[in-house]
Amino acid sequence: MEGADLAGKLLSPWLVLVLGLILLPSALGVNLGVSEIYLKVLVKTLQWATIRIEKGGRKESILNSASVGIIERDESPMEKGLSGLRGRDFELSDVFYFSKKGLEAIVEDEVTQRFSSEELVSWNLLTRTNINFHYISLRLTTVWVLGVLVRYCILLPLRVTLAFIGISLLVVGTTLVGQLPDSSLRNRLSELVHLTCCRICVRAFSGTIHYHNKQYRPQKGGICVANHTSPIDVLILTTDGCYTMVGQVHGGLLGIMQRAMVKSCPHVWFERSEMKDRHLVTKRLKEHIADKKKLPILIFPEGTCINNTSVMMFKKGSFEIGGTIHPVAIKYNPQFGDAFWNSSKYSMVSHLLRMMTSWAIVCDVWYLPPMTREEGEDAVQFANRVKSAIAIQGGLTELPWDGGLKRAKVKDTFKEEQQKNYSKMIVGNGSLNAKSD
């Protein structure tokens with residue numbers, strides 16, 4: 001009995017903290033200002049740590065390693081690079097130009113580095129974010145140790161509790177709502193469950209989200225497209241409004257959530273390798289946008305997670321079905337934690353635990369003005385125009401490469417395109433055809 005009384009005394013304050021100060025305000029969308037105070041203290045601590053690092057004489061090496069890269073590239077096009085070597089005739093020296101480009105790509109290409117965590121200019125007292133930092137001073141090491149104790153002994157149990165509650169409520173709530181007949185009441189209850197549970201789950205990461213241009217929030221019957229960094233992008237956006245989601249079928253924890261959510265809301269999960277699934281998705285999307293009373297569709301056209309520095313090629317399928325596109329740019333602040341999911345290296349649970357043991361997840365969300373396909377514009381051009389708008393607003397690098405290169409080899413068409421460009425230079429950019437005409 002004494003043991004039970006002691007356990008009750010220990011759990012009571014914990015439950016009061018979780019339920020009273022975090023869970024209920026999260027469910028109601030009320031902000032008590034605790035996160036802002038926590039972030040202010042954290043910013044002051046990280047600023048102090050940066051000053052200590054600079055005093056340790058490491059500033060120059062930090063800046064060089066984080067911002068410059070391994071090699072300095074010549075970004076000039078092939079025509080300019082080869083024109084300095086010769087005229088239009090083929091010469092054996094051309095081999096040196098292609099060999100140089102090949103070695104640059106092997107040492108540090110601009111694609112594969114987007115599939116690993118971005119480096120930081122200044123250390124944020126998380127050992128996982130930068131391998132270039134070593135012992136600097138006893139005072140800084142002491143602060144780092146205290147930070148480890150706070151993150152793993154206080155924040156982690158609290159965050160795991162919130163995540164368990166949020167996911168459990170989502171699974172149970174959507175399952176129960178799914179038993180109701182199709183009606184406006186069911187739709188309202190489904191939106192309430194999604195909104196409430198996503199807000200609770202965001203608090204499980206000490207999430208702080210800054211929404212901009214709310215007048216451009218996606219409207220019903222439209223399609224919301226956003227850049228993709230992490231699975232929690234869905235939580236970030238759903239905290240401010242509900243969506244019908246379209247995405248790849250997953251297993252494990254995410255799969256359990258997907259199967260539960262689809263019971264109360266017409267989300268579309270598909271297997272990318274199945275051609276019949278892709279046709280079914282296109283058909284479902286066209287039917288969905290035809291009904292202006294349905295929730296906006298949420299799609300991540302990149303098809304994979306990119307490391308918060310770039311926007312890669314948007315798949316054209318989302319832009320072929322018509323309708324109004326509502327672009328959204330998401331940018332995480334890496335100073336407080338790394339939100340990027342390297343799915344080839346970490347499982348979903350491991351990724352969530354890494355974020356829960358970070359300081360916090362802080363991000364900005366920009367809603368952009370709605371866009372429609374212009375006359376004479378094909379789906380690829382429309383996708384590139386939307387991608388450019390998102391990249392500019394989020395301060396991200398725009399890349400033409402397919403995110404599928406994360407797991408696949410470069411398509412032969414890309415190689416053939418470079419070969420064709422070189423061939424055109426040899427024959428004078430098509431001058432022979434021009435003469436024959």
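Assorted remarks:
- One decimal place: the segment GLN179-VAL121 gains 15.7 nm when fully extended, by the rule 0.36 nm per residue minus the C-alpha distance.
- Chymotrypsin sites (Phe, Trp or Tyr not before Pro) restricted to the stretch 331-377 and DSSP loop, no more than 16 other C-beta within 10 Å: TYR346
- Cut-off 18 Å, label 7 Å out along Cα→Cβ of THR141, residues of the stretch 24-56 by amide N: 49-50, 52-56
- Shape analysis of the stretch 213-328 yields a ratio of the Cα radius of gyration to the Kirkwood radius, Rg/Rh, of 0.93.
- Applying both filters, DSSP loop and at most 15 other Cβ atoms within 10 Å, to the trypsin sites (Lys or Arg not before Pro) of the stretch 145-220 gives LYS220.
- Ranking GLU375, GLU302 by solvent-accessible area of protein heavy atoms (1.4 Å probe, all protein chains present), from largest to smallest, gives GLU375, GLU302.
- A full extension of the chain between GLU271 and VAL34 corresponds to an added length of 81.2 nm, given 0.36 nm per residue minus the alpha carbon distance.
- Here the label points at MET371 and VAL150, each 7 Å from Cα along the C-beta direction, are separated by 4.1 nm in the simple model.
- Convex hull volume per residue in cubic angstrom - Cα atoms of the stretch 156-203: 42 Å³
- Among the listed pairs LYS283/LYS387; LYS40/LYS345; LYS263/LYS292; LYS294/LYS315; LYS214/LYS331; LYS286/LYS420, those beyond 26 Å (Cα-Cα): LYS40/LYS345; LYS286/LYS420
- FRET efficiency, VAL41 to SER344 (Cβ-Cβ, R0 45 Å, nearest 0.05): 0.80
- For the stretch 193-209 and the stretch 342-409, distance of Cα centres in Å: 21 Å
- Cα pair distances of the stretch 299-345 binned at 5 Å [whole percent]: 4, 16, 25, 23, 15, 9, 6, 2
- ILE321 exposes around 20 Å² of accessible area when a 1.4 Å probe is run over every protein chain in place.
- Accessible area of LEU195 in the full protein assembly, 1.4 Å probe (Å², nearest 10): 40 Å²
- Exposure of LEU28 as accessible area (Å², to 10), given a probe of 1.4 Å and all protein chains: 130 Å²
- Low-density loop positions, trypsin sites (Lys or Arg not before Pro), the stretch 307-383 - DSSP coil, at most 15 other Cβ in 10 Å: LYS345
The values are calculated or read from the model by the stated rules, or taken from the named source; none is laboratory data. Remember, predicted model here, so these are calculated numbers, not experimental data. A quick note on method: Cβ atoms are made from the backbone with ideal geometry, for glycine too, and the neighbour counts reach across all protein chains shown. Protein only, heavy atoms only, side chains kept; ligands, DNA and RNA dropped before computing areas. Shrake-Rupley method; radii C 1.70, N 1.55, O 1.52, S 1.80 Å.
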